[in-house]
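Take a look at the structure set out below.
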Amino acid sequence: MEQRHLGRTGLRVSRIGLGTLTWGRSADGPDEAEAAAQLKTFWNAGGTLVDTADVYGGGEAEYLLGQLIGSVVPRRDLVIATKAGGVADPDRRFDGSRGHLLAALDDSLARLDTDYVDLWQVHAFDPWTPLEETLQALDIAVSSGRARYAGVSNFSGWQLAKAATWQLAAPGVRTRLASTQMEYSLLQRGVEREVLPAALDLGVSLLPSSPLGRGVLTGKYRSGIPADSRGASETLSAFVEPYLDEAARRIVDAVATAAHGLAVTPLQVALAWVRDRPGVAAPVIGARTSAQLGAALSVEALSLPEEIRRALDDVSAPVHRYPDQDWSTL
């Protein structure tokens, strides 16, 4: 699998990442044997980037990954990324304080059974904590060797620009941001308004989450909701439902048409589209089975023809109005 630099850093990652959002969930996630099979399939395909978070499965996703590192895949062959900042508090979903983040990192390292993570990400912006305090936690994590590189997740355009600029203000003292993780797909192109332009300008790579539109872009929901799908899951159906409207259906139909013409699957078309967008380092994909994962990883050999890319761009184009659009056209 092709490797790409993450931002303007020396860290290289596979251009498809393996996500573990459902790992550690007894009802919706893989058991240890299936997780091991997925990790082995990913590694055999040349994959390196494995993304998790301290809140996935209440910490069980990290623990499960930690059980597999070394026994299934050598630690040195993986780029392990995790996140911190999420809290189980309905009044405050995220805690970006230095104390919380550094304690969470230590807990993550214990669950992952490793001395360091390759990429440590702030899971979301915390409006109750000064941003410079949050970012100082990243500096401490890197300077102490507990993290090799740092990034953010779910930051808006102005939040990302402020954070990345702050980190660039003192080279050698502060750790520059390598990446930002955001949802991005043919069904969700909101990052193109401000987040992606800021990332491109500041040398921050985008790690798209849900690059298959929460599974909808595979076409599996065109004739209804399969009983074994996330859309039918008691815990994940609300995650899928927003992308089952008429606007999404038109885009899914276009993807299916393109796939038919290219003799590939809708999954491959949708994943190739987001993988090769400007500023993208590696879409992060999740799967229920190693067979599903293998089918997704087969996208490595596919590059979409320019006319197909333009057609998909057009059918899924987000509405850009003032002040997001080019002022020269007003």
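Taking amide H positions as modeled 1.01 Å from N, with prolines and chain starts lacking one, the residues under 5 Å from Val117 and 5 or more places away or on another chain are Ala147, Arg148.
GNM on the chain, alpha-carbon springs under 10 angstrom: the most fluctuating residue among Ser97, Ser210, Ser229 is Ser229. Can you tally the net charge around Phe94? Count Lys and Arg as +1, Asp and Glu as -1, for every other residue whose Cβ sits under 15 Å from the Cβ of Phe94. In short, -2. Between amide H atoms placed 1.01 Å from N, distances below 5 Å from Ser153 occur with Val122, Ala124, Gln181, all of them 5 or more places distant or on a separate chain. Scalar couplings 3J(HN,Hα) for the stretch 274-286, obtained by applying the Karplus form with A = 6.51, B = -1.76, C = 1.60 to θ = phi - 60°, are 6, 4, 9, 6, x, x, 7, 9, 7, x, 9, 10, x Hz; x denotes Gly and Pro. Taking the chain as a Gaussian network of alpha-carbon nodes connected by springs under 10 Å, the highest mean-square fluctuation of the residues Leu112, Leu196, Leu236 belongs to Leu236. Computed over the stretch 55-195, the percent of Cα pairs more than 21 Å apart is 44. Taken as Cα centroids, the stretch 140-216 and the stretch 87-120 sit 18 Å apart, rounded to the nearest whole angstrom. Across the chain, C-alpha contacts under 8 Å between residues 6 or more apart give a mean separation that, scaled by the residue count, equals a relative contact order of 18 percent.
Dimensions of the stretch 72-111 from C-alpha coordinates, computed as largest minus smallest value along each principal axis and given longest first, are 40, 18, 14 Å. Using Stokes-Einstein with the Kirkwood hydrodynamic radius over Cα pairs, what translational diffusion coefficient do you get for the stretch 1-76 at 37 °C and a viscosity of 0.692 mPa s, in µm²/s rounded to a whole number? Here the translational diffusion coefficient equals 254 µm²/s. Beta bridges assigned by DSSP with both partners in the chain are antiparallel in approximately 15 percent of cases. When the chain is treated as a GNM with alpha-carbon contacts under 10 Å, the residue of Leu304, Leu212, Leu21 showing the greatest mean-square fluctuation is Leu304. Charge dipole (Cα centre; +1 on Lys/Arg Cβ, -1 on Asp/Glu Cβ; no other charges) of the chain amounts to roughly 620 debye. The largest-to-smallest principal axis extents of the Cα set in the chain are 56, 52, 40 Å. Computed from backbone phi, the HN-Hα couplings of the stretch 186-198 come to 4, 9, 9, 10, x, 5, 6, 6, 9, 5, 5, x, 5 Hz, rounded to whole numbers (Karplus: 6.51 cos²θ - 1.76 cosθ + 1.60, θ = phi - 60°; Gly and Pro given as x).
Which of Leu160, Leu312, Ala33 sits farthest toward the positive end of the charge dipole of the chain, with +1 on the Cβ of Lys and Arg and -1 on the Cβ of Asp and Glu? My answer, from the dipole projection, is Leu312. Percent of alpha carbon pairs in the stretch 169-325 separated by more than 18 Å? Across the stretch 169-325, Cα pairs with separations above 18 Å total 61 percent.
Per residue, the accessible area of the stretch 1-102 comes to 40 Å² when a 1.4 Å probe rolls over the protein heavy atoms.
Each of Leu244, Ser223, Ala254 was scored by the projection of its Cα onto the charge dipole of the chain, and the greatest displacement toward the positive side belongs to Ala254; charges sit on the C-beta of Lys, Arg, Asp and Glu.
Amide H to amide H, with H built 1.01 Å from N, Arg176 comes under 5 Å of no residue 5 or more places away or on another chain. What dipole magnitude, in Debye to the nearest 20, does the stretch 241-330 give about its Cα centre under +1 on Lys/Arg Cβ and -1 on Asp/Glu Cβ? Value, rounded to 20: 220 debye. For the stretch 146-197, pairs of C-alpha atoms spaced more than 17 angstrom apart make up 39 percent of the total. Summarising the strand pairing of the stretch 1-110, around 40 percent of its internal DSSP beta bridges are antiparallel.
The values are calculated or read from the model by the stated rules, or taken from the named source; none is laboratory data. These numbers come from a predicted model, not from an experiment. Counting neighbours? That spans all protein chains shown, and the Cβs are built from the backbone with ideal geometry, glycine included. Just so you know, the surface numbers come from the protein's heavy atoms only, side chains and all, with ligands and any DNA or RNA stripped out. Shrake-Rupley method; radii C 1.70, N 1.55, O 1.52, S 1.80 Å.
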